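A quick write-up on the structure given underneath.
Each value in this text was obtained by applying a stated rule to the coordinates, not by laboratory testing. Keep in mind the model is a prediction, meaning the values are calculated, not measured. Here the Cβ positions follow ideal geometry from the backbone for every residue, glycine too, while neighbour counts run over all protein chains shown.
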Amino acid sequence: MIIDVHTHIGHSPEDFPSAWMPGGTAIFGYMRATKGRAWEAKRSEWVSRPRKTDDPSGEESYKILNKVGVDKAVLLTLDFTLISEGRYRQGPDFVAARSIEDINRHIADVTKKYSDKYIAFVGVDPRYGRRGLELVRTAVREWGMRGLKLHSCAGWYPNDRELCYPFYELCSKLNIPVLAHCGMELYPLSGKYADPIFFDEVASDFPDLQFCLAHGGGGFSHVPARHQYDVGISLASIHDNVYLDMGSGQAIYARDPVEFYRELRRGLDRVPGKILWGTDNPWLVSTGIDWGGYINLLRNPDQSVLDKAGVSFSKDEIDGIMGENAKHWLNL
Ligand SMILES: [Zn+2]
């Protein structure tokens, strides 16, 4: 079974404040153009180009997933609707066209249409408070969403007890897992809020709640931070309920395949049952590595690259990454 635990199928540009689009657009464009090199030099060239990597209806991705043999894909709803907090981030550019209820409802509807393949996670900024809690309750009980996606780069800390713990308590009650973005981000988002270490106390305080730290805690990322990957691995090794996903790992492979395999080996050596395959697609298709490409580089790696990296992977390890570990995490 192949499970992609990290996709953004179903989103469209109107879900995001326009202030985020230059960064979002640029980073995907630059990865394609430079394979991850020369970010500073290329950045200004890409900021005004329209993004062509969304799939609001989910139909295009569904066809591709069928073709390449992905059995399940987790659709993670993103909530950047409150990035206007703070005096430097005011005005219409920091407001999304759709409400957070409408954004989540749309992802739930897309999932319903392709329910044999898609699993939806509700996404909400905990600063919505009671309104956010009500949304999570409705999304899970009435719309069939099956997990919570958090993206603290919008401006809050995931270990904030007053703000976030009511959401973790609700997830425990609803028996749904939590997937949280970890690692660096571009303006007006801020990576300082998304260090994996914040989940150390959260994972201890909610031992029954299953967590996935996205992007390996920040190491598998379009802006990779190796020390955050180390923290992610350590957390997954000491907490039974902490997993890591590989979303955006294609960005590392596109730049340096040897580094990609070495980093994966390093994680597998410490937490073999805790690494979950994820893509961050359809956005990361812009690296030139689509769903099929990411599967292929894991299932049929180039032996000369593995030799150069000095690593190898067993079939069981790859099967674990591709779906077996996720089955456990998602309780499928
Ligand atoms: Zn993502």
Top positive-direction residue, dipole computed over the chain with Cβ charges, set Val74, Ser172, Ala96
Ala96
Is there a quick way to get the dipole size of the chain? I mean about its Cα centre, with the Cβ of Lys and Arg at +1 and of Asp and Glu at -1; what is the value in debye to the nearest 20?
540
Hey, what's the per residue convex hull volume over the C-alpha atoms of the chain, in cubic angstrom?
120
Need one number: nm distance between label points at Glu201 and Val305, each 7 Å from Cα along Cα→Cβ, rounded to one decimal.
4.1
If the chain between Arg270 and Lys173 were fully extended at 0.36 nm per residue, the gain over the current Cα-Cα distance would be 31.8 nm
In whole angstrom, the spacing between the Cα centers of segment 283-318 and segment 146-204 equals 29
Of Lys117/Lys192; Lys192/Lys327; Lys72/Lys274; Lys67/Lys112; Lys67/Lys308, those spanning more than 29 Å from alpha-carbon to alpha-carbon:
Lys117/Lys192; Lys192/Lys327; Lys67/Lys308
Tell me the mean residue ellipticity at 222 nm calculated for the chain from its helices only (DSSP H runs of n ≥ 4, each -39500 (n - 2.57), averaged over every residue, nearest 500).
-12500 deg cm²/dmol
About the Cα centre of segment 189-332, what is the dipole size in debye to 20, counting +1 per Lys and Arg Cβ and -1 per Asp and Glu Cβ, all else neutral?
340
Can you put Lys315, Lys327 in order of Cβ neighbours within 10 angstrom, beginning with the fewest?
Lys315, Lys327
Label model pair Asn296, Asp109: point-to-point distance (7 angstrom along the Cα→beta-carbon line) in nm is 3.6
In nm, give the distance between the simple-model label positions of Tyr157 and Asp316, each being 7 Å from the Cα along the Cα-to-Cβ direction.
4.1
Rounded to the nearest 0.05, FRET efficiency between Asp93 and Asp208 (Cβ-Cβ, R0 51 Å) equals 0.80
